[in-house]
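The values are calculated or read from the model by the stated rules, or taken from the named source; none is laboratory data. Just so it is clear, the structure is predicted and the values come from calculations on it, not from any experiment. Cβ sites come from the backbone with ideal geometry, for glycine too, and all protein chains shown count toward neighbours. Each accessible area value is taken on the protein alone, full model and side chains, heavy atoms only, with ligands, DNA and RNA left out. Shrake-Rupley method; radii C 1.70, N 1.55, O 1.52, S 1.80 Å.
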Amino acid sequence: MKKLILYITLIIGSLAFIYPFYWMVTASLVPENEIESLTLLPHSISFNSYIQMFEKIPIGRAFFNSIFVATMVTGGVLVFCSMVGYALSRLRFVGRNLIFYIIIFTMTLPFQITLIPNYIIMVKLGWTDTFLALIVPYLINAFAIIMFRQVFQTIPQDLIDAARIDGCSELRIIFQILWPNIIPSLVTVGIITFMATWNEVLWPLIVIRDENLMTMPQLVTLFAVGGRAESQLGVKLASATILALPIVIAYLFFQKYFIQSMASAGMKE
Amino acid sequence: MKNNKLLPYLLVSPYLIHLMVFVAFPVIFSIYLTFNKWNIISPMEFIGFGNFLRVFQDALFFKALYNTLKFLIVHIPLQIIVALLLAEILNQKIKFRPFFRAAFFLPVVVSGVVVSMLWQQLYGFDTGILNRMLSTLGFGKVGWLVDPNMAMVSIAVMATWKNVGLYVILFLVGLQTVPPQYYEAADLEGANHWQKFWHITLPMINPTIFMVVILSTIGGFSLFIEPYIMTGGGPLNSTLSAVLYIYKQAFTNYHMGYSATLGFFFAFIILLVVVVQKRFIEKGES
Amino acid sequence: MKNVVTKVNKSRIVLGLLVLFCSLLTSCDSARENDDNSLLYWSANDAQEVEFARQVISAWNKEHSEEQIQLQPVPEGQSSEEIILAAVVGKTTPDIYANMWQGDVEFFAQAKVLVPFDTLEGFLEFIYQRCDSALIKEITSSDGHIYQIPWKINPIMMIYNKQVVEKIGGIPRTYSEYFEACKKYQKDNDGDGYVDQWFGYTNVRPIWSELRFNFYLLYLAASDGASLVKNNQAVFNNKYALEVFRFFEELYAQNYFTQDRLASGQDPFLSGKIATKFTGPWEIAHLEKFKPEGFDYAYAPVPVPDDHQGPVYTYGDPKNIVIFNTCKNPLLAWRFLKFLISDENDLLFLKLSSQIPPRKDLLTNPLFVEVFTQNEKLAPFANQARYIKGVDSNEVIKEVFDIITQEYQSSVMYGVKSPEEALRDAAKAVDVLLLNM
């Protein structure tokens, strides 16, 4: 009996988390005037909302922009932060601990204080309305450095010594020797970085005004808030669905990795 | 062999450069900006403490703080209770656990933009599902996003919906670290489920609860895209969040100096709140 | 291990190339094709204006092979003001911009990025011939120069559903008459206990730009075009503003106007959900395309307080032309603009886009009279064009609007303050704002 109550709670809970998305998808697939009365099953299917959306905004371009930016940032974070993490964990040098403490400290710095000055820096460098503004500030991630440092500390020293004897440079050690041994961490940092970059919207709203360079969440936001959807609900929901689709598909396939990544990230906090 | 001395510094250099350009310099520049008036295209104008004085006279600044507080008071307890409840249930011998876990976690990975647009419709006064349901059940409609007293609460509920999955997972991990012997010992002493929960589970997952509180607090002060999309800060500025206000002052009014000052003040308050929370919880632990 | 060297080097090379590629991408977008003599002209990006610009520019280019003009629709973005600001910051401004809202000009003028027209030969005579002196005073900046050419206006009037208004007993002219009409038209059609039919509607979003189409509009009508701010002070806390506030307060209190966003689905004016709207001539094209069989509409002046005498003023939503100081040849730009706003081209513009040129000879010049006689829907605007106002020339006029919007909403829609209190608080806040400027 008690089990039954538990299952019912879980099922109600799951429905509460899934139904809104289901509603969104069906609402984007029905004719505009049916949305008001929609609950479970649509009466008629129409792709009109999607057709109009593709006509009104360059969503394909925004998709490409998001993919490009997220990939570059993720790649950059994996490369640069493992370099820094490696140095902090396996090399001895003056200032090693100082840098580590600075990293911890800056993690606590709220972004509200650096937001406006960073925008102004972009303006002064002439990077507004360029991919540089979207990518470069995100190439270093304190959290990633901490994670890599932690995992590199667990690598047995013999592995590194053997590679050194063979004449490998430090960079080769990191990327050719160590990386294959820390795949779970790479996946964790990779997934979290990719997801966070993909969903990032405040910064693009600030530094990008040119529609051709906007990221997908940014474009959808402006579409929803601005007047261009001409208050057609179905079109707005279609854009929201398209925005959600890539991450949800990735999530459905790599669910385990997503959840594990966030969980281990949370624990490291 | 001779580059060994320089090498660590080379490896760390990306971080150091990034630190200088995107952290250290902005903080210093931010402080400099607070003493100036600037709209980007005209030259900067030094105004001393003008911005500071303006903050203290600014009703909207205090409104934003009040709104954030309102958000946190609803969001944090709700988050903890729901996440803990679901985690507790999932911790039992349940079949299909991966499915439920995946369902709860789904809103976490989806963009805040999608969630905001979606819930804006669900909360719609005439056509939203929630009010339609209430009508059919015989209750009156609720002004979820149009009632100045209700709007921030609605956003807090939505934020809970979006993030609770993450905390369910975190709590699950925490729950699973509790050694089963403790429970077995309690069983022997005849403790019921509630007593076990209160005296064994809760203290052991205190660090996780603490983390949830801190993360949610920081999240509350970072609220932007939700009010931006759903209400534009209204009705009557009841959903004007800290970051939204900074954004408006900077990019609608082009008061760069003033918005930097606001950022500075809000950052300071966040740090203060987090430190206080830390002290409070640490005292509780001892 | 040796081939590992090349692998790592290769990835570095690839990374470097990618970064290079990025920076190329960025410079490509911002490069302006500009040979020394041609001027860049930015038009609004809706179809009719682009077409108009295309026609005028190709006509000019044919006659002036040495002095070419290049057309570019203003880049897409959230708001055109943002785009212009981004262009100023990125130093990619055009030479001529032909869609600047009158209220934005002062901001850019104060930043010294615009060319003062009055320093260009022949401008002053031309402008005094084209526009009346009240308008010219309005567009003069605080430093005495004129930085904009009044190009087009869209006077806001009250559009009404002819069938409904006939049934109700005539076009409401005063506030009392308007209330009467509202009471008669208010209905709950589907019996769910909630009213779903209102006589009128105005946008309820708490955004400064919407204020122009409700409070500010009626304030101008009630006060015959009074200012909001003058000499760096708030001057709007007067009986006219109070009457307008009270008008809207009553409308919302009696549910003659709804507080909801009339958003999804069909056009509420066409479907009968509302019978009037405060809108401009742009609505005509949309209505002609979508109106159902038997639906007829017309425009009338907006309602005024019961004791109002004389003609009814309104908000003109003026968009004007500016020249940026990055222009290497302002005199050439001016000559082109004289052509752009010549009689024939003004006529062409009126015909193509239904937007009104702010000329003082609209009712006397036979060219224009003909257009208005032929197009009866557009006719009321010809007369209304004599009684319009834009906004006061002030760097932070948008913030002034924002402050008033917040107070307007708190009093009129949410009943948190009385109209007197709201106006007083608004005036106080505006004074503080202007003092700090």
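Assorted remarks:
- On Cα atoms only, tilt of C:397-408 relative to the major axis of chain C in degrees: 30 degrees
- Unsatisfied cross-links (Cα-Cα over 24 Å) in the set B:Lys63/B:Lys248; A:Lys236/C:Lys389; A:Lys56/B:Lys141: A:Lys236/C:Lys389; A:Lys56/B:Lys141
- Listed by chain and number, the aspartates and glutamates whose alpha-carbon sits under 17 Å from that of C:Lys183, ignoring those within fewer than 8 places in the same chain, are C:Glu166, C:Asp196, C:Glu249, C:Glu250.
- Here region A:56-268 has 65 percent of its accessible surface on carbon and sulfur atoms, given a 1.4 Å probe and all protein chains in place.
- Amide H partners (placed H, <5 Å) of C:Ile321, local residues excluded: C:Ile149, C:Trp151
- Taking every Cα-Cα distance in region A:27-99 and sorting them into 10 Å bins starting at zero, the pair-distance distribution P(r) comes out as 16, 21, 17, 15, 12, 12, 6, 0 percent.
- Using the average count of surrounding beta-carbon atoms within 10 Å as a protection proxy, the listed peptides C:159-169, B:248-258 rank, highest first, as B:248-258, C:159-169.
- Stretching B:Arg97 away from B:Trp198 to a fully extended chain increases their span by 33.9 nm, per 0.36 nm per residue minus the current alpha-carbon distance.
- Computed helical MRE - 222 nm, chain C, DSSP H runs ≥ 4 contributing -39500 (n - 2.57), nearest 500: -14000 deg cm²/dmol
- Helix C:2-30 vs. chain C, principal-axis angle (Cα, 0 to 90°, nearest 10): 50 degrees
- Stokes-Einstein D (µm²/s) once Rh is taken as the Kirkwood radius of region C:136-280 over alpha-carbon pairs, at 10 °C in 1.306 mPa s: 92 µm²/s
- Radius, Kirkwood style, for region B:86-148 when every pair of distinct Cα atoms is counted (Å): 14.2 Å
- For the chain pair A and C, the buried solvent-accessible surface (1.4 Å probe, both sides summed) amounts to about 2200 Å².
- The convex hull defined by the C-alpha atoms of region A:130-218 has an orientation-averaged projected area of 7.0 nm².
- Alpha-carbon radius of gyration plus Dmax, which is the widest Cα pair, for region B:1-52 in Å: 18.2, 57
- Compactness relative to 2.2 N^0.38 Å, alpha carbon Rg of chain B: 1.25
- Using the Karplus relation 6.51 cos²θ - 1.76 cosθ + 1.60 with θ = phi - 60°, the per-residue 3J(HN,Hα) values for region C:190-196 come to 9, x, 8, x, 10, 5, 10 Hz, with x marking Gly and Pro.
- Using θ = phi - 60° in the Karplus curve 6.51 cos²θ - 1.76 cosθ + 1.60, the 3J(HN,Hα) couplings for region C:58-67 round to 5, 4, 5, 4, 5, 7, 10, 5, 8, 10 Hz; x is entered for Gly and Pro.
- When only alpha carbons of region A:56-268 are considered, Rg and Dmax amount to 19.8, 68 Å.
- Those lysines that a straight Cα-Cα span of less than 16 Å connects to A:Lys3, excepting residues fewer than 8 apart in one chain: B:Lys93, B:Lys95
- Candidates A:Phe143, A:Phe17, A:Phe105: whichever shows maximal mean-square fluctuation once chain A is modelled as a Gaussian network with Cα springs under 10 Å: A:Phe17
- Working note: Cα gyration tensor of the protein assembly as shown, eigenvalues times five, square-rooted, sorted largest first, giving semi-axes of 53, 37, 26 Å.
- Solvent-accessible area of chain B (1.4 angstrom probe, protein heavy atoms only): carbon and sulfur portion equals 70 percent.
- Taking the charge dipole of region A:56-268 about its Cα centre, with +1 at Lys and Arg Cβ atoms and -1 at Asp and Glu Cβ atoms, the residue from A:Ser261, A:Leu171, A:Ile135 reaching farthest to the positive side is A:Ser261.
- For the listed peptides C:296-309, A:43-56, a ranking on the average number of other beta carbons within 10 Å per residue, highest first, reads C:296-309, A:43-56.
- Two-decimal log10 I(q)/I(0) for region B:114-154, as the Debye equation yields it once each C-alpha is a single scatterer, q = 0.18, 0.25, 0.31, 0.33 Å⁻¹: -0.46, -0.81, -1.05, -1.10
- The alpha carbons of region B:220-272 occupy a box of 27, 26, 17 Å along the principal axes, longest dimension given first.
- Partner chain coverage, peptide C:104-110 - average Cβ within 10 angstrom: 1
- For C:Lys162, the aspartates and glutamates whose Cα falls under 18 Å of its own Cα, not counting residues fewer than eight places away in the same chain, are C:Glu177, C:Glu180, C:Asp267, C:Glu283, C:Glu288, C:Glu293, C:Asp296, C:Glu376.
- Measuring between their Cα centroids, region B:178-237 and region A:181-249 lie 29 Å from each other.
- Panel values: region C:380-428, Kirkwood radius from alpha carbon pairs, Stokes-Einstein at 37 °C and 0.692 mPa s, translational diffusion coefficient 261 µm²/s.
- Nearest-ten-degree value, helix B:59-91 long axis tilted from longest Cα axis of chain B: 30 degrees
- Computed 3J(HN,Hα) for region C:222-232, one whole-Hz value per residue from the Karplus formula 6.51 cos²θ - 1.76 cosθ + 1.60 where θ = phi - 60°, is 5, 9, 6, x, 6, 8, 8, 10, 8, 6, 6, glycine and proline marked x.
- Built amide H within the under 5 Å cut-off of C:Phe257, gap 5+: C:Tyr252
- Amide proton proximity set for C:Gln197, modelled H, under 5 Å, gap of 5+: C:Lys187, C:Asn189
- Partner chain coverage, peptide C:202-212 - average Cβ within 10 angstrom: 2
- Sorting the segments B:220-227, A:195-202 by their residues' average number of neighbouring beta-carbon atoms within 10 angstrom, most packed first, yields B:220-227, A:195-202.
- 20 °C / 1.002 mPa s Stokes-Einstein diffusion coefficient of chain C, Kirkwood radius on C-alpha pairs, µm²/s: 89 µm²/s
- Structure remark: mean-square fluctuation, Gaussian network model of chain C, C-alpha springs under 10 Å; the largest value among C:Tyr315, C:Tyr194, C:Tyr128 belongs to C:Tyr194.
- Average accessible surface for region A:56-268: 37 Å² per residue, computed with a 1.4 Å probe over protein heavy atoms with every protein chain in place.
- Inter-part distance where region A:69-102 and region C:369-416 are each reduced to a Cα centre, Å: 58 Å
- Average beta carbon contacts from partner chains per residue of B:97-104, 10 Å cutoff: 5
- Enclosing the Cα atoms of region A:1-46 in their convex hull gives a volume equal to 70 cubic angstrom per residue.
- Solvent-accessible area buried by pairing B with A, both sides, nearest 100 square angstrom, 1.4 angstrom probe: 7400 Å²
- Using a Gaussian network model of chain B in which every pair of alpha carbons under 10 angstrom is joined by a spring, one finds that among B:Thr136, B:Thr127, B:Thr261 the greatest mean-square fluctuation is at B:Thr136.
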